[in-house]
Amino acid sequence: MQPHSQATPLRIGAASAIITPPLGAFIAGDRQNRRFTGVHDDLYAKAVVFDDGITPVALVVVDCIGLHYPVVLKIREAAMKKVEGLALAPERIIVQATHSHGGPDVIGLWGPDVATSGVDPAYMTRLIDTAAEQVARAAAARRPSSIRFAESQSGEGWVVNDSEPGEVDRSLVVFQCLDESGESIATLTSFACHPTCIDGTVSEVSADYVGAFYKEMANVYPGEHLFLQGPVGGWIQPVTPERTFALAEDYGKRFAADVLQALDSAEPMKDTRIRFANRVFDIPVENEGFKQMSAAGIVDRPITEMVTTEVAWFAIGPAQFATHPGESSPYHGWKTKEFMDSGPKVVLGLGLDELGYILKTEYFEDDAIPHAEYLTSMSLGRDAGPAILAALEKVIP
């Protein structure tokens, strides 16, 4: 983590591939035993590789509800077998999910009944291989590049906190990676809102408003477009007077308009040196349900009195990124940004893991908080937030 001089220009590559599940796959989110009957829009695994000649980093974004840490480790392992000509350490492959509720069950909770996993092993093998392949393709495609960035706000009128109305982080950060001719290689946009416009109401595959956002961005700029999900726990949702694709498309277009407007005044990033740190650690598990699902094999990972996970931090010049291993609250996002001494600042929610809701301790003590009973039932417990923040404080310099 020592500062270094940038001997070579930044090189960036990007790639993507479709990971749409087969019809009949179990749908993640809402209740059990829902299966896909069609495809509204495809799901993707997208990767961007940043290489400053010393500390390359890969960021992978997957359109799904979330990936457990053991799956992330498999993606890293597979990527290391595919990447050629680049010393990309496996821990510097950061995998994040958009948290779409229009994707397949990749966790195990939404099978035919509460006692049976809905994960399709063949699909998971395909997802892991495809995500790893995008890292290799992005690495092979990297070329001399520059970055410009912009900070703004979005979500006014369509993003709310259903539990604590006063706690909404509407910050929007967008990075655009450009090649030497000025053509866009990729845009990366950070924002926090559940993609749940269609949750529980339709049986067609979709990335929800994120899919509409991708489409709108592609109409203006070539290259890949990645949505970096932020802290959506406690409980950041789209306003849903109806749950339709039309509403998801409207929100995606509105969001894209805010991003494109922000890019009109983007500033060049003059320093593009990369720094990186990570930490593997254990979180205490208070939730007996999580332990039982692990013991029964519904969730395919060891969860006992403790569960192992990881956080990572990296910086590209002044821009800093930190992962949260689940659906963290705005509070945890703001606290993480306080650890950072420069900006723009990005919190990668559902980064490297999906451990459910990461909540303030008040949610476990005050039943009057709207949705607290449900949110705490899908959380490791009151110690998760403090443990994650303590780990991040150790890795963020």
Unmet criterion (only one of (1) touching a helix residue (DSSP H, G or I) at 6+ places or on another chain (Cβ under 8 Å); (2) in a loop (DSSP other than H, G, I, E, B)) for Gly53: (1)
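Among the residues of region 156-196, write down those that are part of a loop (DSSP other than H, G, I, E, B) and free of Cβ contacts under 8 Å to residues at least 60 places away in the same chain. First the steps, then the outcome.
Filtering region 156-196 for residues part of a loop (DSSP other than H, G, I, E, B) gives 156-158, 162-170, 180-183, 192-196.
Those that are part of a loop (DSSP other than H, G, I, E, B) and free of Cβ contacts under 8 Å to residues at least 60 places away in the same chain: Glu156, Pro165, Gly166, Arg170, Glu180, Ser181, Gly182, Glu183, Cys193.
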Can you find, within region 136-166, the residue that is nearest to Tyr331 (Cα to Cα) among those that are surrounded by fewer than 16 Cβ atoms within 10 Å (Cβ to Cβ) and out of contact with any Leu (no Cβ under 8 Å at 6 or more places or on another chain)? Gly166
Residue match in region 283-299 (condition: surrounded by fewer than 20 Cβ atoms within 10 Å (Cβ to Cβ) and closer than 19 Å to Val347 by Cβ): no
Filtering region 45-88 down to residues that are over 20 Å from the mean Cα position of the chain (by Cα) and not acidic (Asp, Glu) yields Gly53, Ile54, Thr55, Met80, Lys81, Lys82, Val83, Gly85, Leu86, Ala87, Leu88
Look at Pro144 and say whether it is touching a Phe, Trp or Tyr at 6+ places or on another chain (Cβ under 7 Å) and either more than 30 Å from Ala87 (Cβ to Cβ) or in a strand (DSSP E or B) (or both). no
Ala87 under 18 Å from Thr187 (Cα atoms), at pLDDT 95 or above and surrounded by fewer than 23 Cβ atoms within 10 Å (Cβ to Cβ): no
If you take the residues in region 202-229 that are crowded, with 24+ Cβ neighbours inside 10 Å and of a type in the set (D, E, K, R), which one is nearest to Gly38 (Cα to Cα)? Asp208
Go through (1) out of contact with any Cys (no Cβ under 9 Å at 6 or more places or on another chain); (2) crowded, with 24+ Cβ neighbours inside 10 Å; (3) assigned to a loop (DSSP other than H, G, I, E, B) one by one and return the number of the condition Asp199 breaks. (2)
Among (1) surrounded by 18 or more Cβ atoms within 10 Å (Cβ to Cβ); (2) in contact (Cβ under 8 Å) with a residue 60 or more places away in the chain; (3) more than 18 Å from Val205 (Cα to Cα); (4) among the β-branched types (Val, Ile, Thr), where does Ile128 come up short? (2)
Residues that are over 23 Å from the mean Cα position of the chain (by Cα) and among the small types (Gly, Ala, Ser), drawn from region 295-337: Ala295, Ala296, Gly297
Condition first: in a strand (DSSP E or B) and either at pLDDT below 95 or aliphatic (A, V, I, L, M) (or both). Now tell me which residues in region 202-216 satisfy that. Val205
Pairs where the first residue, in region 262-280, is part of a loop (DSSP other than H, G, I, E, B) and the second is charged (D, E, K, R), C-beta under 9 Å, 6+ apart: Ala266/Arg148; Met269/Arg148; Thr272/Asp52; Arg273/Asp52
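The values are calculated or read from the model by the stated rules, or taken from the named source; none is laboratory data. Since the model is a prediction, treat every value here as computed from it, not as a measurement. Don't worry about glycine lacking a Cβ; one is built from the backbone with ideal geometry, like all the others, and counts go over all protein chains shown.
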